[in-house]
Each structure stands twice: as C-alpha cells, then as structure tokens.
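Structure record follows, encoded as structure tokens.
The values are calculated or read from the model by the stated rules, or taken from the named source; none is laboratory data. What you see is a predicted model; the values in this text were computed from it and never measured. Heads up, the Cβs are rebuilt from the backbone with ideal geometry, glycines too, and the neighbour counts pull from every protein chain shown.
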Ligand code: RIB
C-alpha cells in the first residue's frame, strides 16, 4: 500500500504582531520569519515524521526549491513534485498575534497551475488500495478525486480552507474526513449544536470515517461508538499547522493499525507540540518526540 499526498506547498511569511491588522490600519510587525508551509506539505511532513512513507505530488516555482529540500529532509518522496519556470511558488502571509493565534492570506501560485495531464501522470503510479490524501489548496481537486476513485484508491479529505470549490467534488467517494467545526457545518449545513452536527455528518456520510476537531474541546471520532479525545494543554506560541499535524498523525496512526483511541491521543499530543513552537513545517514533531511528550504528561 502506497500513500500519495497531492497537495499545496507554500512559502510562509510569518509576521509577529500585537494584534491582527484592522481595516484602514498600517501596523508595524515585531518580526518576520520565512518558513516552509502549505497544508499539503505540512501534512506530508506530519505523515512522514509519524513513521508513514509518503509521496508528495504538487507544484512549486523556481523560488520554492527549499520546500522540496524540506520535504526530502523529512523523508518524504518528492519524485512527483513538479517545478515550473513560469509561475511562482504559492505563498501565505501569516499574522501571528501575541496569543499565538493566526490569520492567513493565501496566494495560490503554482498550487493553482496543476493540470489534468500532470494528475494522470502521477496517478498512473498508484493502484487500488493505495491512499490519496487531499486538502483544498490546489486546483483540479474534483478531477483528482474522480480519477483516484475509479482506480480504487482510498481517499482522505481535509477540506481546508473551506470554500465553495469543495461542493464541486464527489463527497461520496471520500473514505476519511478530518473536519473542524466550520468545515463540518459547510458540508452538512449550519448548526451551532455539536450533537446535531455529529448526527448530520453520520447521516450524510454513512460509509466514511469522520473525525471532528473542536479546538479547545478536543476531537471526536464519529463511528458506531464515538470516541472523544481531550487536548493537551500547553503554552500557545503559534497555532499554524496544528491542524495539519493532527491530520497527518491521525492517518498515520490508522494506517499503522493503531486503535482509534491511541491514534487520537497521538494526534492530540503531536498538535500540542506543534502549537508550542513557531512556524508551520518546522513545528511538526517526530514520533519519538510525541511518545516522549505523552510519557511526560
Ligand atoms: O495550515 C497551515 C498552512 O496554511 C500554512 O502553512 C499556510 O501555508 C497555509 O496553507
């Protein structure tokens, strides 16, 4: 069984600010850091650091070579990474405030230049039973889902960032959803009641494995029997990539045949470590760090 993550790669420009810039305001930042990021790249690194071999497919421009190196250093296979001389690498302008919260402005760049031909070339190397991991930061997601499903691949979707493009893909083909509350509400209709949200999700996707992340309230596996996981409380420095870390560790745990409870615990611990460090990809822990963290708590 092979794992393919077809996803975004971004250069993250992270500005440390007192508060998020307001309409009409010009604000000086205290610090600028440049990190490797992108939900796709972050999730590949989390999968790999969690001990699961992964292929990352996607596209960068010539300015994105350090992202490729970051993936390679983390043990991710980059043979399906395209480099264009015509478009620049995607980037994210991230404000990181004094509470560790963030807000993100994306520029798609090469992430939005992926073609159906590239997708066909990549998917030709995978077969029934292999896994495809997707987020919502590259173009042609509906086509990728369609083709992967017809090959018999299993599909995990984290529809982040949530927008109307998600409704263009066939959601019945998804085997595993990792959703936050906003994404879940977007998929099944708005409701503030988490109980109702859970039953609506189960009703709409009866054959899928669903994990709902609830911020401070932890996470919830929605199966025949629900499994709840609390967060590990740590000092928040930067929340960027905490969700990606959770997602990567969740899939890695399940594919390594860990129980749901054990998997959620590992994913919660991994994302707690991520929020206690600056940056996206650099904040994602290795499996050994996660095990050590759990032992210490
Ligand atoms: O999930 C965090 C990521 O979102 C950042 O690395 C940024 O690039 C955006 O894609």
Self-check item: Complete set of residues in region 26-45 that are out of contact with any helix residue (DSSP H, G or I) (no Cβ under 7 Å at 6 or more places or on another chain) and in a helix (DSSP H, G or I)
Solution: 40
Practice problem: Output the number of the condition that residue 116 fails; it satisfies all remaining conditions of (1) under 16 Å from the mean Cα position of the chain (by Cα); (2) closer than 28 Å to residue 63 by Cα. | Solution: (1)
Quiz prompt | Flag for residue 243 being within 11 Å of the ligand (Cβ to nearest atom) and modelled with pLDDT of 95 or more | solution = yes
Quiz prompt | Only one of 76, 34, 87, 54 that is touching a strand residue (DSSP E or B) at 6+ places or on another chain (Cβ under 8 Å) and without any contact (Cβ under 8 Å) to a residue 24 or more places away in the chain | solution = 34
Practice problem: Output the number of the condition that residue 274 fails; it satisfies all remaining conditions of (1) modelled with pLDDT of 95 or more; (2) touching a strand residue (DSSP E or B) at 6+ places or on another chain (Cβ under 8 Å); (3) within 16 Å of the ligand (Cβ to nearest atom). | Solution: (2)
Exercise. Please enumerate the residues belonging to region 254-265 that are in contact with a helix residue (DSSP H, G or I) (Cβ under 8 Å, 6 or more places away or on another chain) and surrounded by fewer than 24 Cβ atoms within 10 Å (Cβ to Cβ).
Key: 254, 258, 260, 262, 265
Practice problem: Output the residues belonging to region 1-25 that are within 15 Å of the ligand (Cβ to nearest atom) and in a strand (DSSP E or B). | Solution: 5, 6, 10, 11, 12, 13, 14, 15
Exercise. Of all residues in region 212-240, count the ones that are within 16 Å of the ligand (Cβ to nearest atom) and more than 11 Å from residue 268 (Cα to Cα).
Key: 5
Practice problem: Return yes or no: is residue 34 modelled with pLDDT of 95 or more, closer than 25 Å to residue 176 by Cβ and more than 11 Å from the ligand (Cβ to nearest atom)? | Solution: no
Quiz item: Mind checking which pairs have a first residue in region 12-25 that is more than 15 Å from residue 240 (Cα to Cα) and a second that is at pLDDT 95 or above and more than 16 Å from the ligand (Cβ to nearest atom), Cβ under 7 Å, 6 or more apart or different chains?
Solution: 21/27
